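Just so it is clear, none of the values below were taken in a lab; they were calculated from the coordinates. What you are looking at is a predicted structure, and each value in this text was computed from that prediction instead of being measured. Positions of Cβ are backbone-derived with ideal geometry, glycine not excepted, and every protein chain shown enters the neighbour counts.
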Amino acid sequence: MMTWTGVQMNTMIDKSNSHIAELMTQGNLMGIIEAQKLLNHSPEMEQETKNILNDFITMQNNNIEKMKQFL
């Protein structure tokens, strides 16, 4: 709920493509950080779960690359 409210407030001020791309990039980066923390601090994690997290990180990085054109 707080994230949604934050996005609403940020886009109320600036609805430009650049600003929205910046917000999305920041969100993707936060997702990468959290996923990497899980990978680094959970050595007992099952390989399938590690694969899912690595795929998630790859997807987030791809999203960031796509957003760069709008910055």
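Identify the trypsin sites (Lys or Arg not before Pro) of the chain meeting these criteria: DSSP loop state and at most 14 other C-beta atoms within 10 Å of the C-beta. Passing both the DSSP loop test and the Cβ count: Lys15.
Our compactness index for the chain, the C-alpha radius of gyration over the empirical 2.2 N^0.38 Å, is 1.32. Sequentially through the stretch 9-24, phi angles give Karplus couplings (6.51, -1.76, 1.60; θ = phi - 60°) of 5, 5, 7, 5, 6, 9, 9, 5, 4, 4, 5, 5, 4, 5, 4, 5 Hz, Gly and Pro residues having no value and appearing as x. In order along the stretch 34-50, the phi-based Karplus estimate (6.51 cos²θ - 1.76 cosθ + 1.60, θ = phi - 60°) of 3J(HN,Hα) comes to 5, 5, 5, 4, 4, 5, 6, 10, 9, x, 7, 4, 5, 4, 4, 5, 4 Hz; Gly and Pro are listed as x.
With the helix formula -39500 (n - 2.57) applied to DSSP H stretches of n ≥ 4, the chain reaches a computed 222 nm mean residue ellipticity of -28000 deg cm²/dmol.
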